[in-house]
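First comes the structure, then the notes that go with it.
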Amino acid sequence: MDWYPGGLDDDLRPHISECLAKSEPFALVTIAAATGGPRPAGAQMLVTSATRFGFLSGGCVEDDVTLHARAVLAEGTPRWLTYGAGSPFIDMRLACGGRIDLLVERIRPGDAAAIAIVEAWHRRRAIGYFSDGIRRWCVDADRIDDVGGEAKPLARYQPAQRLIIVGRDAFALALAEQGLLLRWRVTLIDPSGRPERPPVFGARDLDYMRCNVAEALERLSPDGFTAIAIMTHDEDADHKALLTALAAAPGYIGILGSRRRSAKRADRLKAAGIEARAIASLRAPIGLAIGAASPREVALAVAAQIVATRRAAGWRA
């Protein structure tokens, strides 16, 4: 079996956008229901006549799904597929012993639902995607419960993860690299204003801002799908950055430092009028407690904590 690098792409919206821009039809495969297995309902694959992205089962069924998807591309008729328990494909059992039910549908250029998915992605809006293979539509996340009947979203799309880092030392650089590796949208803010771009792997995809934190966050407009990591090592700079970050109400705020400094920092924030609930939401010290010591280990601990926070809130993308 050949390597399948397309399986690393969990967020298919960039590929949907590219297909629409090229007026290229594609097949969209979605897990409608899952019992066991490594992938949840809503996970997807995108298949064109020449390539494919995403994965559904960790390698058990992707080749067969691709054949079905290309048949759907040619014929236009959607297919419902079942793998695992109760599947008609007796020679294709899931190693986990579970079951997945898939919808395979052809998406033509100009499809209104596909366009809505891409527009919501660019505008950082959460939406639900509904389809029975013939009819497709999207609804804003806060209106999903208003959809009548027994209709349930086939997939939910959340704004892409953003990571804003304040700092300029090795910890900040390592976290920027980790975020880029995860395909997050990463911004590094260096209040010192040094002109050289940060020397990180994947730097061309890094948004680098040489200004104060308040100005940067005003321009970036953090939302509930944004994580902010403050790594300046300066108590006064940390305090100013925290005041600005807390006012922006992102989904995650973490700050580098010891537990001893955390107590002192909390007292200072309370004196500045910050509510106890907001102070308690800070991840300080930043990152999961895995005994991390080196910059890259700390970056791994921070990224893992951001993922855990996002999943606990029900974020899909």
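Numerical summary
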item	result
Test result for Ala272, touching a helix residue (DSSP H, G or I) at 6+ places or on another chain (Cβ under 8 Å), in contact (Cβ under 8 Å) with a residue 12 or more places away in the chain and surrounded by fewer than 18 Cβ atoms within 10 Å (Cβ to Cβ)	yes
Residue in region 190-199 that is under 24 Å from Arg310 (Cβ atoms), out of contact with any Gly (no Cβ under 6 Å at 6 or more places or on another chain) and not charged (D, E, K, R) present	no
Qualifying residue in region 189-208 (condition: under 18 Å from the mean Cα position of the chain (by Cα) and polar (S, T, N, Q))	no
Condition check for Arg70: surrounded by fewer than 22 Cβ atoms within 10 Å (Cβ to Cβ), of a type in the set (Lys, Arg), more than 25 Å from Leu182 (Cα to Cα) and modelled with pLDDT of 90 or more	yes
Some residue of region 235-255 being more than 20 Å from the chain's Cα centre (by Cα), part of a loop (DSSP other than H, G, I, E, B) and over 26 Å from Tyr157 (Cα atoms)	no
Ile228 part of a loop (DSSP other than H, G, I, E, B), β-branched (Val, Ile, Thr), farther than 22 Å from Asp10 by Cβ and modelled with pLDDT of 90 or more	no
Ala172 being buried (at least 21 other Cβ atoms within 10 Å of the Cβ) and more than 22 Å from Trp80 (Cα to Cα)	yes
Residues of region 293-317 that turn out to be part of a loop (DSSP other than H, G, I, E, B) and modelled with pLDDT of 95 or more, as a count	1
Contacts under 9 angstrom Cβ, first residue in region 129-140 being touching a residue at least 40 places away in the same chain (Cβ under 8 Å) and not assigned by TED's automatic domain parsing to the domain that holds Ala27, partner surrounded by fewer than 18 Cβ atoms within 10 Å (Cβ to Cβ) and of a type in the set (A, V, I, L, M), 6 or more apart	none
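Residues checked against (1) touching a residue at least 24 places away in the same chain (Cβ under 8 Å); (2) on the phi > 0 side of the Ramachandran plot:
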| position | (1), (2) |
| --- | --- |
| His233 | yes, yes |
| Asp238 | yes, no |
| Tyr252 | yes, no |
| Arg260 | no, no |
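The values are calculated or read from the model by the stated rules, or taken from the named source; none is laboratory data. What you are looking at is a predicted structure, and each value in this text was computed from that prediction instead of being measured. Quick reminder, even Gly has a Cβ in these numbers, built from the backbone with ideal geometry, and neighbours come from all protein chains shown.
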